[in-house]
Amino acid sequence: MFMEKAAKIQGKVKSAMVYPIIVLCVAGIICSGLMIFIVPKFEKMFTELLEGEPLPWLTQVVVGIGKFMSEQALIMVVGIVVLVILIKIILKIPFLRFYIDWAKYYMPLFGPIISKSSISKFSRTLGTLMGSGVPVLNALSIVKETAGNEIVCDGIQKVHDAVKEGETIAGPLNTTKIFPDMVISMIEVGEETGKLPEMLDKIADTYDEEVDNAVGALTSMIEPLMIVFLAVVVGGIVMALFMPLISIIEKLGG
């Protein structure tokens, strides 16, 4: 049951982040095809029919980008490959991963989903372990290893060190500033009443539902934004190509 819930919530977070990436990749491929294969043909036609007349500024920009992409295609491909390799290397450096995870945790749109998912995972894992009789320090160590976010890992380590010195979980967890006050209060109540595992399960259930709602809201918001973005980009390219055609038609008509 625990693994099923964890996999379900992780899948929802991934689906929310993968969708816009796929759309942007498809949009990039379509726009690259237009710029590399279609725009140069229009440029040649404009040069022949306009006989040296200046092109509209938007057309000049699109033609310039298309010419660069068609002439430097190999360099661009190599650059993308190098960039991907560099990102993979950077993600393996603990110092840099901390700041990357910090940016992900507090970024607009996706940040709330990541933070809510982290709270749910922390609460569910710690509650399950403590409910199964695992000592709190061992449970915190396991939660830290499975957190999947350097910000949360750092916070859990601070809590672990404080609990080792005889403190409660709620106090040092509050000082990390990564969990909301409501969560801290519920954990504090759970510790005072001796029902911390049950309280952690309730927190996890609450944030599972909040992740569901946040993913649904994000998806419904991203879809129109992606449509507008694609319309602006593709529409801009089409407009840039048709603006000189108006001058050509007027010239032929005259």
Checking E210, E198 in turn, the sole residue that is under 18 Å from S115 (Cβ atoms), of a type in the set (D, E) and in a helix (DSSP H, G or I) turns out to be E210
Exactly one of V163, V143, V134, V189 is within 15 Å of I203 (Cα to Cα), out of contact with any Asp or Glu (no Cβ under 7 Å at 6 or more places or on another chain) and not small (G, A, S), and that one is V189
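Answer with yes or no whether E53 is open to solvent by 90 Å² or more (accessible area, probe 1.4 Å), part of a helix (DSSP H, G or I) and either free of Cβ contacts under 8 Å to residues at least 24 places away in the same chain or not hydroxyl-bearing (S, T, Y) (or both).
Spelling it out, it is not the case that E53 is open to solvent by 90 Å² or more (accessible area, probe 1.4 Å), part of a helix (DSSP H, G or I) and either free of Cβ contacts under 8 Å to residues at least 24 places away in the same chain or not hydroxyl-bearing (S, T, Y) (or both).
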When the range 95-121 is checked residue by residue, the ones that are of a type in the set (A, V, I, L, M, F, W, C) and in a helix (DSSP H, G or I) are F95, L96, F98, I100, W102, A103, F110, I113, I114, I119
Among residues of the range 99-126 being farther than 17 Å from K202 by Cβ and among the aromatic types (F, W, Y), the residue least open to solvent (accessible area, probe 1.4 Å) is Y105
Requested in this report: Say whether the condition of being of a type outside the set (A, V, I, L, M, F, W, C), farther than 30 Å from I178 by Cβ and either open to solvent by 40 Å² or more (accessible area, probe 1.4 Å) or touching a Gly at 6+ places or on another chain (Cβ under 9 Å) (or both) is met by at least one residue in the range 33-42.
Outcome: yes
If we ask which residues in the range 152-187 are open to solvent by 10 Å² or more (accessible area, probe 1.4 Å) and touching a residue at least 24 places away in the same chain (Cβ under 8 Å), their number turns out to be 6
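The values are calculated or read from the model by the stated rules, or taken from the named source; none is laboratory data. Being a predicted model, the structure only gives us computed values, none of them experimental. In this analysis, Cβ positions are derived from the backbone assuming ideal geometry, glycine residues included, and neighbour counts consider all displayed protein chains. These area figures cover heavy atoms from the full protein model, side chains too; ligands, DNA and RNA do not enter into them. Shrake-Rupley method; radii C 1.70, N 1.55, O 1.52, S 1.80 Å.
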